[in-house]
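Colleague: This is the structure, below, for whatever I ask next.
The values are calculated or read from the model by the stated rules, or taken from the named source; none is laboratory data. Keep in mind that what you see is a predicted model, and the values were worked out from it rather than measured. Note that each Cβ is placed from the backbone with ideal geometry, even for glycine, and that neighbours are counted across all protein chains shown. Surface areas here come from the heavy atoms of the whole protein model, side chains and all, with no ligands, DNA or RNA. Shrake-Rupley method; radii C 1.70, N 1.55, O 1.52, S 1.80 Å.
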Amino acid sequence: MPTSRSGSDSAPDPEKPKKKSAGRNLRAAIGVGVGLGVIIVASLFVYKPVFIGVIAIAVVVGLWELTSRLAERKDIKVPLVPLAVGGTAMVVAGYVRGAEGAWVAMALTALAVLVWRMTEVPENYLRDVTAGVFAAFYVPFLATFVALMLAAEADGPQRVLTFLLLTVVSDTGAYAVGWRFGKTKLAPRISPGKTREGLVGAVLFAMVAGALCMEFLIAHGAWWQGLLLGLAVAASATLGDLGESMIKRDLGIKDMGTLLPGHGGIMDRLDSLLPTAPVVWLLFVVFVGSG
């Protein structure tokens, strides 16, 4: 799902906060964002298993981007096949069998990575499998919580839509307020374009959107719960963005890929969504139950 952000995407050279759009094809970015949004919303409300397929595709492409960049920039050879198969299994297992199924699939995927890498030379085995287990947790396992939200019988699609809307609104608020009022850098060594003012914008936008979503979209939800949900989303989305910025700075790249014109790669769109998914799922369970 495309998101707008207030900071740079971890370019090796620092960028000024108000130059976020520099180097981006705005028309292409809007067109791709609208297209992805239509696909996601249509699959979400037409037939749930189709949306599970969308998640699985995003997971596999994201894993491919991540493992490719690790190999290119750090010579870390992470086995993609067991990650792709195991990652797909995690998403499906989470939807069909719940959290227990997701954990079992995660454990089996980690084991498959360890065994698969044994077919190669022993040098750097520990480094490669460590990166593989990290990739399994970072991309498919975190994405599985979206499937867990969707599995709620009463309002699964509405929960996923709320999760997506709040993350997008948080990132948009950070960008809009940071672009207009941003002066104080939030984390200059990680993402020079992010500002504290932008973070305030993310919190305010997300809290308002959260109150509206919990009141009108979620069964038995209350507006005050939405305020807390929005606050949590703004925090997790910002940390997720900064986390991938750390990875990209370590790799010395600006984007994880080039698949999406004007956006970069799939992983560049998932950075704030992935860590936010378990946070939103947990708060839904606390506030209104598992559904």
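Colleague: Condition (residue is among the charged types (D, E, K, R), closer than 30 Å to L114 by Cα and either without any contact (Cβ under 8 Å) to a residue 60 or more places away in the chain or open to solvent by 20 Å² or more (accessible area, probe 1.4 Å) (or both)) applied to the range 128-143: is it met by at least one residue? Reasoning before the result, please.
Modeller: Residues of the range 128-143 that are among the charged types (D, E, K, R), as a first pass: 128.
Narrowing the set further to residues that are closer than 30 Å to L114 by Cα leaves 128.
Among the residues that remain, those that are also either without any contact (Cβ under 8 Å) to a residue 60 or more places away in the chain or open to solvent by 20 Å² or more (accessible area, probe 1.4 Å) (or both) are: 128.
Yes, because at least one residue in the range 128-143 is among the charged types (D, E, K, R), closer than 30 Å to L114 by Cα and either without any contact (Cβ under 8 Å) to a residue 60 or more places away in the chain or open to solvent by 20 Å² or more (accessible area, probe 1.4 Å) (or both).
Colleague: Please specify each residue of the range 100-111 satisfying the condition of being in contact with a helix residue (DSSP H, G or I) (Cβ under 8 Å, 6 or more places away or on another chain) and open to solvent by 40 Å² or more (accessible area, probe 1.4 Å).
Modeller: First, pick out the residues of the range 100-111 that are in contact with a helix residue (DSSP H, G or I) (Cβ under 8 Å, 6 or more places away or on another chain): 101-102, 104-106, 108-110.
Selection gives V104, L108.
Colleague: While we're here: Would a scan of the range 196-214 turn up a residue that is within 19 Å of the chain's Cα centre (by Cα), open to solvent by less than 40 Å² (accessible area, probe 1.4 Å), modelled with pLDDT of 95 or more and aromatic (F, W, Y)?
Modeller: no
Colleague: Contact list please: Cβ distance under 9 Å, first residue in the range 154-175 and basic (K, R), second residue open to solvent by less than 20 Å² (accessible area, probe 1.4 Å) and not in a helix (DSSP H, G or I), pairs at least six apart or on different chains.
Modeller: Close Cβ pairs (under 9 Å, with a partner that is open to solvent by less than 20 Å² (accessible area, probe 1.4 Å) and not in a helix (DSSP H, G or I)) amount to R159/A152; R159/I218.
Colleague: Of all the helices (runs of 4 or more DSSP H) wholly in the range 65-152, which have at least 2 residues that are over 30 Å from V288 (Cβ atoms) and more than 22 Å from the chain's Cα centre (by Cα)?
Modeller: On the way: elements: 80-117, 125-136, 142-150.
Result: 80-117, 125-136.
Colleague: Could you list all residues from the range 144-158 that are of a type outside the set (S, T, N, Q) and open to solvent by less than 10 Å² (accessible area, probe 1.4 Å)?
Modeller: Kept after step one, since they are of a type outside the set (S, T, N, Q), are these residues of the range 144-158: 145-157.
The answer is A147, M149, L150, A152, D155, G156.
Colleague: Which members of the range 112-128 meet the condition of being more than 15 Å from T67 (Cα to Cα) and touching an Asp or Glu at 6+ places or on another chain (Cβ under 9 Å)?
Modeller: E120, N124
Colleague: Please find, within the range 243-286, the residue that is nearest to G226 (Cα to Cα) out of those that are open to solvent by less than 10 Å² (accessible area, probe 1.4 Å) and among the acidic types (D, E).
Modeller: In this case the residue turns out to be D271.
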